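Visitor: Mind looking over this structure? Questions follow.
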Amino acid sequence: MNKEVLQRYESAKKAYKKIGVDTDEAIKKLSNIKISLHCWQGDDVKGFLSNEDLSGGIQSTGNYPYRARNVQELRQDIEKVLSLLPGKFKVNLHSTYLDTNETVTLDKIEPRHYESWVKWAKKVGVGLDFNPTCFSHPLAAEGFTLSSPNDEIRNFWIEHCKRARKIGEYFGKELGEPAVTNIWIPDGMKDIPYNRTYYRERLKDALDQIFEEKINPKYNIDALESKLFGIGLESYTVGSNEFHLGYAAKNNIALTLDSGHFHPTEYISDKISAVLLFVPHLLLHVSRPVRWDSDHVVILDDELNEIAHSLVRTNLIEKTSIGLDFFDGSINRIAAWVIGTRSTLKALLKAYLEPTEYLKKIELDGNYTDRLAIIEELKAFPFGDVFDYYCELNGVPTGLDALKEIHSYEKNVLAKRG
Ligand code: RNT
Ligand code: ZN
């Protein structure tokens, strides 16, 4: 243990103790959380199935070199990322990141096409989550997948989603912890639809078919992700928030809240405690929308802190899976992953470093003066010293030492990929 880090920790520990916070306890709680690292930050959401451009109304911008071009490079990059992060994690795969020599279409995917990921997950000690990929595909080119008026197209995507759930189940069985399989579809229209009802009826029916087979939530948790709009699909989104919230609540399915999928004045941090009264489980796609659903790298901003507060203060984290969803192609992609994940961990740690029970009590007593004073004061408390200590405990670099490692990885590995 680095002496200076330890000294800083000891003094932070004293400061927190004075306000009734046990830093060791906070660290213990943080270490129980497994954030799910999205594989698609490593290659700008390209995947390995085909050479199709990214579509579906989402976009990765920037032309920083060295994106991962195959499974080996992606795994190597994720392993580097994991070596710079304290704690345990999951990795979130899209179906298009399969690893096989077979020529396989999305309506034919099977667990065996992901076998090497399971082997890898066991080796590096991560859990896996999964997503059907209903975009970047010729059969999604008309703007509709599960809600398509064309039966052939719709059935293709229904079959794909059914199989995705089975792959989630397979991950769960193999790895001993449930996979969350999240369905997001881009379906919508650029201009104002005449008949908004028709496509939603089709989507509802498609989901009924997809979820017909019951799968044990011990292995697979189904989740549905809503959205406000996509690029080129500005006027109408079939799977809106009301649609998916309604479907999830009625059918006892998890809801996915993505930070970028609401009007810019709406925040998912305020939605967590509301929707968890009506759905069994929540998946978060922690992202950072800048003026639109831009999927910028997550930073320790007000909303990230509020998300962590919502999860920790009343223990809603027990019913929540935390996934990340950003893809920045303008900076070193390893750094993007590491910065966004470390910031999310810091937000959670800060939330655990509060005198939670005391603050809840004085709020109920109507003592809003002390509530404001304490919360404001806490902002200047030395949570960074506790985080550094947590990094040291886990044998990962503290502070900007992580950046040094990223620089040398870029020089020695990424730049040599050609
Ligand atoms: C798109 C959704 C979705 C995707 C990933 C790649 O707006 O946020 O979650 O970002 O599935
Ligand atoms: Zn998302």
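Visitor: Given H placed on each backbone N at 1.01 Å, which residues far from His296 in sequence or on other chains put an amide H within less than 5 Å of it?
Guide: Arg288, Val290
Visitor: Over the range 34-192, what is the relative contact order in percent, taking alpha-carbon pairs closer than 8 angstrom and at least six residues apart?
Guide: 26
Visitor: When you count, for each residue, the other Cβ atoms within 10 Å and take the mean per peptide, how do 83-94, 199-210 rank with the highest first?
Guide: Peptide ranking by packing, descending: 83-94, 199-210.
Visitor: In whole Å, largest first, what are the principal axis extents of the Cα atoms in the chain?
Guide: In descending order, the Cα extents are 65, 56, 39 Å.
Visitor: About the Cα centre, and with charges only on the beta carbon of Lys, Arg (+1) and Asp, Glu (-1), how big is the dipole of the range 247-332? Nearest 20 debye, please.
Guide: With Lys and Arg at +1 and Asp and Glu at -1, about 340 debye.
Visitor: Can you give the relative contact order of the range 10-84 as a percent, counting alpha carbon pairs under 8 Å and 6+ residues apart?
Guide: 24
Visitor: Right, another one. Output the relative contact order of the range 243-293, whole-number percent, from Cα pairs under 8 angstrom with separation of 6+ residues.
Guide: After rounding, I find 47 percent.
Visitor: Mind checking the dipole of the range 281-322: about its Cα centre, +1 per Lys or Arg Cβ, -1 per Asp or Glu Cβ, Debye to the nearest 20?
Guide: Dipole magnitude for the range 281-322 comes out near 100 debye.
Visitor: Follow-up. Please list log₁₀ I(q)/I(0) at q = 0.18, 0.22 Å⁻¹ for the range 146-210, using the Debye equation with identical point scatterers on the alpha-carbon positions.
Guide: Once normalised to I(0) and log-transformed, intensities are -0.71, -0.91.
Visitor: Please give the FRET efficiency for Asp191 paired with Asn394, using the beta carbon to beta carbon distance and R0 = 41 Å, rounded to the nearest 0.05.
Guide: Using R0 = 41 Å, I get an efficiency of 0.20.
Visitor: Here's another thing I want to ask about it. Output the Cα-based Rg and Dmax of the range 6-154 in Å, rounding Rg to one decimal and Dmax to a whole number.
Guide: Cα radius of gyration and Dmax of the range 6-154 are 20.5, 66 Å respectively.
Visitor: List Val396, Val386, Val81 from most exposed to least, where exposure is judged by having the fewest other Cβ atoms within 10 Å.
Guide: The fewest-first ordering by Cβ neighbours comes to Val396, Val81, Val386.
Visitor: Find how many whole Å separate the alpha carbon centroid of the range 247-323 from the alpha carbon centroid of the range 332-411.
Guide: Taking the Cα centre of the range 247-323 as reference, the centre of the range 332-411 is 18 Å away.
Visitor: What residue among Tyr114, Val180, Asn32 has its Cα farthest toward the positive end of the dipole of the chain, where the charges are +1 on Lys, Arg and -1 on Asp, Glu, each on the Cβ?
Guide: Going by the charge dipole, the pick is Asn32.
Visitor: Let a ≥ b ≥ c be the square roots of the eigenvalues of the Cα gyration tensor of the range 299-358; is it rounded (a/c under 1.5), or, if not, prolate (a/b larger than b/c) or oblate?
Guide: prolate
Visitor: Roughly how many debye, to the nearest 20, is the charge dipole of the range 303-409 about its Cα centre, given +1 on each Lys and Arg Cβ, -1 on each Asp and Glu Cβ, and no other charges?
Guide: Using only the charged Cβ atoms, the result is roughly 200 debye.
Visitor: Could I ask something else about it? Looking only at the chain, where both bridge partners belong to it, what percent of the DSSP beta bridges are antiparallel (to the nearest 5)?
Guide: 10
Visitor: Using helices alone, I'd like the mean residue ellipticity at 222 nm for the chain: each DSSP H run of four-plus residues gives -39500 (n - 2.57), total over residue count, nearest 500.
Guide: Per the formula, -13000 deg cm²/dmol.
Visitor: Specify whether the C-alpha gyration tensor of the range 168-303 places it in the rounded, prolate or oblate class, a ≥ b ≥ c being the square roots of the eigenvalues: rounded for a/c under 1.5, otherwise prolate if a/b is larger than b/c and oblate if not.
Guide: oblate
Visitor: For Lys404, list the lysines whose Cα falls under 16 Å from its own Cα; do not include residues on the same chain fewer than 8 positions away.
Guide: By straight Cα distance, Lys404 reaches Lys80.
Visitor: Is the shape of the range 308-418 best called rounded, prolate or oblate, per the rule: a/c under 1.5 gives rounded, else a/b larger than b/c gives prolate, else oblate, with a ≥ b ≥ c the square roots of the Cα gyration tensor eigenvalues?
Guide: Judged from the Cα gyration tensor, the range 308-418 comes out prolate (a/c at least 1.5, a/b above b/c).
Visitor: Taking a 27 Å limit on the Cα-Cα distance, which of the listed pairs Lys227/Lys411; Lys190/Lys346; Lys34/Lys227; Lys90/Lys379; Lys122/Lys319 fall beyond it?
Guide: Checking Cα-Cα distances, Lys227/Lys411; Lys190/Lys346; Lys90/Lys379 exceed 27 Å.
The numbers here are math on the coordinates, done by the rules we state, and not lab data. Keep in mind the model is a prediction, meaning the values are calculated, not measured. We place every Cβ from the backbone using ideal geometry, glycine too, and count neighbours over all the protein chains shown.
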